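A.B. asks: Please see the structure below; I have some questions.
The values are calculated or read from the model by the stated rules, or taken from the named source; none is laboratory data. Predicted, not measured: the structure shown is a model, and the values here were computed from it. For neighbour counting, all protein chains shown are included, and Cβ atoms are generated from backbone atoms with ideal geometry for every residue, glycine included.
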Amino acid sequence: MNEALPLFDSFELKQLRNECEDLMKKLRSGGRDARSRIRMEQRLAMARAKQIKLELQLGLGRRN
């Protein structure tokens, strides 16, 4: 990551990464009913989609 990112975008990207990481930890720990687990999985999917979209906008995604 040699390029400098705009401050707002880098802050938002960091928040999304932290949110994804927290959700993954909670899902791995278990101990939740099916409905809560499904809701968490949906939140994780939405957060990942936002993260990927932002990374692509910033040019941080994979390049072919």
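A.B. asks: Could you count how many residues in segment 20-64 are assigned to a loop (DSSP other than H, G, I, E, B), polar (S, T, N, Q) and in contact (Cβ under 8 Å) with a residue 12 or more places away in the chain?
C.D. replies: Total meeting the criteria: 0.
Matching residues to (1) of a type outside the set (Lys, Arg); (2) loosely packed, with under 14 Cβ neighbours inside 10 Å; (3) modelled with pLDDT of 95 or more:
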site: 2; (1), (2), (3): yes, yes, no
site: 7; (1), (2), (3): yes, yes, no
site: 10; (1), (2), (3): yes, no, no
site: 26; (1), (2), (3): no, no, no
site: 33; (1), (2), (3): yes, yes, no
site: 55; (1), (2), (3): yes, no, no
site: 62; (1), (2), (3): no, yes, no
